[in-house]
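Below is one structure, written out as structure tokens, with a few remarks after it.
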Amino acid sequence: MHGALKMSAAVGRVLSQQMRQSLKVLKSLAGKKNRCFSASVPIPKEGSVSNNEQKSVNRGKSADPLECRFMYPEFLPDPKPEYRNSLREKLERADMMARRSKIDIPEFYVGSILAVTVSDPHAPGKSNRFVGICIKRSGCGLRANFILRNVVDNQGVEVLYELYDPTIQKIDCLRLEKRLDNELLYLRDAPEEYSTFSFDMEPEIIPEGTPVPVNDLKVTLKPQPWLEKWERKDLKGVRDIVVNQKREMKAKAALKPWEKYDLMKIYRETIPEEEQKEIFAEVYSDLHNLEITRQKMKRQRTFIRPKKSG
Amino acid sequence: MSLILKTLTSIQSFSNLLKPGIEVTTLAKRGAKRLNPYPKKRHPGWLPRPTHVLYKDDITPENTKFIKEVVETRFGKPDVGLGMQSKSISPLRNEPIEPQTEWKEGMRRTGVIAKKIGVYPMWLKDGTKVLSTLLQVIDNHVIRYMSPEEYAPVIQRNNIRNRLGCLIVGAESMDPQLFTKEYCGVFNESGVLPKRMLGRFLISPNAALQPGTPLYAAHFKPGDYVDIRGKTIDRGFQGVMKRWGFKGMPASHGVTKTHRRGGNIGSGGTKARVMPGTKMPGHMGNRWRVFRGIRILRINTKYNVIWALGPHIPGETNSLLYMYDTVLPTRKPSTAPHFPTYLPSIQENPVEEELWAEDVHRFDDPCIEFIEETK
């Protein structure tokens with residue numbers, strides 16, 4: 001009896017310690033106004049996160065494996081319980097790492113400008129290069145994909161690329177930055193100059209250890225009709241959306257302010273912190289090594305031997 | 001007088017019995033030939049009831065611990081993790097039998113029981129993206145073999161020459177305390193833990209295996225074609241649009257109350273009735289379905305996982321299915337498979353951890369590049 005009591009007390013202590021730790025983590029996260037959201041959830045607003053939090057995610061220095069969830073969101077599986085299986089997720093991660101060992105997939109976010117070279121059997125020279133702004137990142141695991149948008153000859157062009165597609169030869173991040181929203185689909189209804197990028201853009205170099213810059217550019221939309229009801233989306237990167245009174249009323253009626261208090265909804269749509277830790281602990285060292293080699297390569301590329309004068 | 005009357009009535013009543021019963025009315029057997037029969041569980045006569053009601057017996061924690069210890073010392077742990085096979089070999093059958101005959105065309109091997117664990121994309125060497133379903137061969141052991149004479153199928157075949165035997169295979173070891181004593185007795189011959197699922201495969205007598213033999217994913221080879229039998233996802237009572245893919249009716253232009261309905265189900269006149277087999281709303285899914293001729297793209301021999309081409313294998317994720325060599329005549333193997341099964345002990349050189357079909361792009365291969373044709 002005494003032994004059992006002792007045991008329970010010990011368990012209690014361990015638990016409380018764990019709880020304290022988790023509380024600490026939660027507090028720190030709460031300070032950042034964010035929980036460990038999975039990639040597939042539309043709720044996490046990386047854009048809405050305060051600048052303090054942005055600074056904490058230092059480039060090339062992801063000391064905490066848990067910070068990888070912003071850099072590599074596709075490593076978190078689909079949180080739907082009916083699709084989950086631990087072995088499948090493990091095998092999928094191994095395949096992703098195998099592909100990453102053959103191609104350098106840089107760190108990028110929605111709002112970054114990328115150049116993608118794809119082998120295309122129908123293109124002259126059998127390969128194709130496209131430059132554009134990343135307006136959306138979705139999918140998890142090997143299904144991860146992103147959409148690039150550009151305006152070519154006054155015509156908006158969007159291309160969806162699979163991140164782990166072996167026909168992709170090269171992905172370059174020409175400008176690494178974040179925008180205020182986690183989806184820039186409103187650029188489709190914005191003037192063309194906001195999504196026009198020249199194909200011979202030079203990659204911009206950011207010094208190591210600095211946080212990812214946030215571009216707080218505000219866009220003015222073109223007059224209606226629009227592709228979506230933007231007034232309902234709570235967009236940070238759009239300047240004054242003006243709609244008529246009826247649409248305004250409808251938008252107000254469609255608001256769901258209680259959803260942020262729906263703990264069960266958040267629970268269902270996210271991967272628990274403990275599982276995230278487990279996942280990133282598995283791939284962290286490999287990802288970190290890949291990152292270091294990438295930085296070395298970049299340094300070699302940027303270093304230009306001074307010429308002898310005289 | 002009364003006695004005479006009594007005898008008379010008794011005789012009358014007796015003669016009533018002798019008369020043919022005209023009160024019995026026979027009903028015409030309707031709907032005997034169903035288009036879509038419900039899944040029936042044909043319970044084999046030799047198989048006792050597997051589970052029983054769990055009573056809360058007064059077992060002390062020490063007793064449960066002791067039982068667990070006994071089970072683990074005898075059989076090893078039931079769950080090694082990630083659905084991997086426990087290393088402990090059946091104590092009764094340490095030596096697997098040597099294959100007696102060479103494989104010939106037309107011989108039928110056993111199948112395996114697999115668990116559907118998910119779907120994810122793979123790429124072929126020509127750059128096309130395909131979806132693959134992952135199937136884990138989960139802790140399979142041969143439980144029993146019945147010779148063709150012993151195993152008399154329910155429907156007697158006229159063809160007596162090619163009679164097939166029956167091999168019973170079990171998947172996923174479980175705690176024996178969950179099952180009845182009689183069901184646990186089924187596994188006495190093979191000496192393995194009671195299994196969650198049993199399946200019978202009709203095999204040619206040459207392909208018989210000794211009870212207790214483990215089956216692995218390497219039973220198949222990449223590039224082989226298999227048939228997969230599983231229970232489809234239970235979707236409940238569904239309308240005609242979801243169940244049969246009807247088009248429905250217009251959303252507007254004066255249409256009221258009939259947007260997702262099927263419309264007319266038959267004509268009047270001479271055939272004033274609903275024809276049998278008419279597609280109508282009803283219960284959808286939860287049926288046994290066989291999907292034939294699925295190609296195997298890749299095999300992992302460490303975790304016993306098979307990547308099969310296509311996302312539409314019957315069943316939910318984490319459900320168990322039967323997998324066996326295809327019966328489609330054009331997709332049957334022309335070269336010899338592992339016959340009667342893959343036995344690692346008698347194999348000269350063990351198989352690699354990852355086996356790939358020829359046209360599949362491996363994830364650690366360099367990027368796909370197309371070469372320009374020079375004229």
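Computed values, structure above
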item: Within 10 Å of each Cβ in A:117-124, the average number of Cβ atoms from other chains; result: 3
item: In order through the stretch B:246-252: 3J(HN,Hα) via Karplus (6.51 cos²θ - 1.76 cosθ + 1.60), integer Hz, x for Gly, Pro; result: 5, 7, x, 10, x, 7, 9
item: Exercise: per-residue mean of other protein chain Cβ atoms within 10 Å, A:80-89; result: 6
item: Of every Cα-Cα pair in the stretch A:31-300, the percent that sits beyond 32 Å; result: 26 percent
item: 10 Å Cβ neighbours from other chains, averaged over peptide B:120-127; result: 5
item: Set A:Lys178/A:Lys307; B:Lys125/B:Lys221; A:Lys170/A:Lys229; B:Lys195/B:Lys242 screened for pairs whose C-alpha atoms are more than 27 Å apart; result: A:Lys178/A:Lys307; A:Lys170/A:Lys229; B:Lys195/B:Lys242
item: Candidate aspartates and glutamates - alpha carbon under 14 Å from B:Lys65, same-chain residues fewer than 8 apart omitted; result: B:Asp175
item: Per-residue ³J(HN,Hα) for the stretch B:350-364, Karplus 6.51 cos²θ - 1.76 cosθ + 1.60, θ = phi - 60°, Hz, x for Gly and Pro; result: x, 6, 6, 5, 10, 10, 10, 6, 5, 8, 8, 7, 7, 5, 9
item: Distant-in-sequence amide H partners of A:Gln169 (H built 1.01 Å from N, under 5 Å); result: A:Thr117, A:Val118, A:Ser119
item: Label point distance in nm, A:Glu107-B:Ser267, each placed 7 Å from Cα along Cα→Cβ; result: 7.2 nm
item: Relative contact order (%) - the stretch B:201-264, alpha-carbon pairs under 8 angstrom, separation at least six; result: 21 percent
item: Rough spin-label spacing in nm, given labels placed 7 Å along Cα→Cβ, for A:Thr117 and B:Ser334; result: 4.1 nm
item: Unsatisfied cross-links (Cα-Cα over 24 Å) in the set A:Lys90/B:Lys116; A:Lys80/B:Lys279; A:Lys296/B:Lys129; A:Lys102/B:Lys116; result: A:Lys80/B:Lys279; A:Lys296/B:Lys129; A:Lys102/B:Lys116
item: FRET E, pair B:Met280, B:Ala251, Förster distance 22 Å, beta-carbon r, rounded to 0.05; result: 0.50
item: For B:Gln238, residues with placed amide H under 5 Å, excluding near neighbours; result: B:Gly282, B:His283, B:Met284
item: Long-range amide H partners of B:Thr213 with built H, under 5 Å; result: B:Val142
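Laboratory data are not the source of any read-out in this text; all were calculated from the coordinates shown. Because the structure is a prediction, the values reported are computed rather than measured. Backbone-built Cβ (ideal geometry, glycine too); neighbour counts: all protein chains shown.
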